[in-house]
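Note sheet for the following structure.
The values are calculated or read from the model by the stated rules, or taken from the named source; none is laboratory data. Just so you know, these numbers come straight off a predicted model, no measurement behind them. Because the Cβ atoms are built from the backbone with ideal geometry, glycine has one as well, and the counts that use them run over all protein chains shown.
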Amino acid sequence: MRRRELAGILLFAAIIQFAFAANIGQILYEGFSIEETLLSDLGVREQPSALLFNTSLVIFGILGMSIGVVLWPDKKLNFIPPLFVLCGIGMTIMAAFPITNEWAHDVGAFLSFVLTAVAALCGYWTFPGPFRRLSLVLGIIGFVTGILHKPEIHFGLGAAGSERMIILFFWMAAFAAVLFHSDENAPKDSLLDRFFAWTAGRF
């Protein structure tokens, strides 16, 4: 099995298990509101959803780190593999320190979500074709909402709505599909590759 294919499968598995756990957790969480309740609230120890949600975060974290390790030798992906490792570490930190431990949870959230947005932006410079433009748009949305979430600038969406804009599951699902079908042995054709080739040709 190719490295990218394995990484794509692992990423799909991470997204699917988290989506199931988050949806079931919302059912278990009494009074859950999609407009007012943060997803991170599902992991608060006193809630019946805590064990399921935090376990799902740990699984996501382990899979995220595994994806980074699997892709690490793939030099064409530039900074994306180490960013996935850091995102995975962030997920495990969020599971260990729920939102009631605000400072530690914020560190985990930054590693998980803001760096996922940075990985999406790296996708713009790494891949040709439509996925490049999708990465740029979703990366900007995720990065801006992630940075402005803490100072409570939510663009009228509220904290819960803004949080859901940070979590780039659409980009991760698209990235998993690209990994599954792309060829790591194909000629380099990213914007970074073209830039370096152009620069080398000038010197």
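Looking only at residues in region 97-118 that are out of contact with any Gly (no Cβ under 8 Å at 6 or more places or on another chain) and part of a helix (DSSP H, G or I), which one is farthest from Gly43 (Cα to Cα)? Among those residues, the one meeting the criterion is Trp103. Is it the case that Ile24 is modelled with pLDDT of 90 or more, at negative phi, surrounded by fewer than 16 Cβ atoms within 10 Å (Cβ to Cβ) and out of contact with any helix residue (DSSP H, G or I) (no Cβ under 8 Å at 6 or more places or on another chain)? Judged against the criteria, Ile24 is not a match.
When the test is whether a residue is crowded, with 21+ Cβ neighbours inside 10 Å and outside any helix (DSSP H, G or I), Pro128 does not pass it. Within region 46-93, restricting attention to residues that are small (Gly, Ala, Ser) and in a helix (DSSP H, G or I), the residue that is farthest from Cys122 (Cα to Cα) is Ala50.
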